[in-house]
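Chemist: Please see the structure below; I have some questions.
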Amino acid sequence: MSFDRSIKIAPSILSADFANFGQEIQTIEAQGADWVHVDVMDGHFVPNLTFGPPAVKAFRPHVKTFMDVHLMIAPVDPYIEAYAEAGADMITAHVEAGPHIHRTLQAIKAQGVKAGVSLNPGTPLDSIEYVLDLVDMVLIMTVNPGFGGQKFIHSGVAKTRLLRQMIGDRPIHIQIDGGVTTETAPLVAEAGADVLVAGSAVFKGGSVDNPRVYGDNIRAIRAAAEAART
Ligand code: DX5
Ligand code: ZN
């Protein structure tokens, strides 16, 4: 996939119907999703539990776009190979998940998949300064990870602006995750983000039997973000 900074909408399937992932994924893609965001939680690094590698492997054949796997687990390294084999196109690890983020990112790259590094709202940007050349994406969390439907934390906007400066002309995506809506998407898009994860704001009001709502939600977030760029 070639690099560009156009706005990409990545629905988080954490807000999908858990009894029907295959159709949910197909429906959001048909309705304009650019990437599919998979939130992996371990009940330890974050207070919630979600998808092991077999679940991610089951999603894979339904994803025609790009499967972005956000690992909110500690330790990370013992599971990288399994998530890569499950079919992740990108694996994102948290800088707070262990003492060796550089080694973790090397291990992700060694699997031949794209590598992302994520920062919780309380973690400073300088924690990733020396790994920037190893990553394809930086994920700025704008909620404390663990649950969908939380309120956007506004300090992520200034952080995004600083990160955009730090990145310069390196081909590194800036992803925002947590509380993204038509109100908050413009703030981060203007500050330099290009990949917007949205769970509740995409899935609210829709279903696979009423797919148009997903499409309307995706288009509304994209339009709000793009308008802030011009
Ligand atoms: C939070 C997850 C997010 C979350 C986003 O821990 O990483 O991806 O599902 O959900 P919303 O968009 O509802 O804040
Ligand atoms: Zn996420």
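Chemist: Taking only pairs six or more apart or across chains, which ones have beta-carbon atoms under 8 Å, a first residue in segment 182-194 that is free of Cβ contacts under 8 Å to residues at least 60 places away in the same chain, and a second residue that is assigned to a loop (DSSP other than H, G, I, E, B) and among the aliphatic types (A, V, I, L, M)?
Modeler: 188/180
Chemist: Answer yes or no: is there a residue in segment 60-75 that is within 15 Å of ligand 1 (Cβ to nearest atom) and more than 19 Å from residue 139 (Cβ to Cβ).
Modeler: For segment 60-75, residues within 15 Å of ligand 1 (Cβ to nearest atom) and more than 19 Å from residue 139 (Cβ to Cβ): absent.
Chemist: Please go through segment 126-156 and give me each residue that is open to solvent by less than 20 Å² (accessible area, probe 1.4 Å) and either part of a helix (DSSP H, G or I) or farther than 23 Å from residue 40 by Cβ (or both), ordered by number.
Modeler: 128, 131, 132, 156
Chemist: On to the next question. Consider residue 88 carefully, then state whether it is in a helix (DSSP H, G or I) and small (Gly, Ala, Ser). Working first, answer last.
Modeler: Values: in a helix (DSSP H, G or I): no; small (Gly, Ala, Ser): yes.
Spelling it out, it is not the case that residue 88 is in a helix (DSSP H, G or I) and small (Gly, Ala, Ser).
Chemist: Of all residues in segment 8-18, how many are open to solvent by less than 10 Å² (accessible area, probe 1.4 Å) and either in contact with a Leu (Cβ under 7 Å, 6 or more places away or on another chain) or under 23 Å from residue 228 (Cβ atoms) (or both)?
Modeler: 4
Chemist: Okay, moving on. Can you name the residue in segment 38-66 that is part of a helix (DSSP H, G or I) and touching a residue at least 40 places away in the same chain (Cβ under 8 Å) and is also surrounded by the most Cβ atoms within 10 Å (Cβ to Cβ) among such residues? Steps first, answer last, please.
Modeler: Keep residues of segment 38-66 that are part of a helix (DSSP H, G or I), which gives 53-62.
Filter once more, keeping what is touching a residue at least 40 places away in the same chain (Cβ under 8 Å): 59, 62.
Values: 59: 21, 62: 17.
The qualifying residue surrounded by the most Cβ atoms within 10 Å (Cβ to Cβ) is 59.
Chemist: Could you list, in sequence order, all residues of segment 107-125 that are touching a helix residue (DSSP H, G or I) at 6+ places or on another chain (Cβ under 7 Å) and open to solvent by 70 Å² or more (accessible area, probe 1.4 Å)?
Modeler: 109, 111
Chemist: Kindly list, by first and then second residue, each pair from a residue in segment 169-180 that is open to solvent by 10 Å² or more (accessible area, probe 1.4 Å) to a residue that is more than 14 Å from ligand 2 (Cβ to nearest atom), limited to pairs with Cβ atoms under 6 Å and residues at least 6 apart or on different chains.
Modeler: Within 6 Å, the pairs are 171/3; 173/194; 179/151.
The values are calculated or read from the model by the stated rules, or taken from the named source; none is laboratory data. Quick caveat, the model's predicted, so the values are computed rather than measured. Neighbour counts are summed over all protein chains in view; Cβ atoms, including those assigned to glycine, are modelled from backbone coordinates with ideal geometry. Keep in mind that these areas ignore ligands, DNA and RNA; they rest on the heavy atoms of the full protein, side chains included. Shrake-Rupley method; radii C 1.70, N 1.55, O 1.52, S 1.80 Å.
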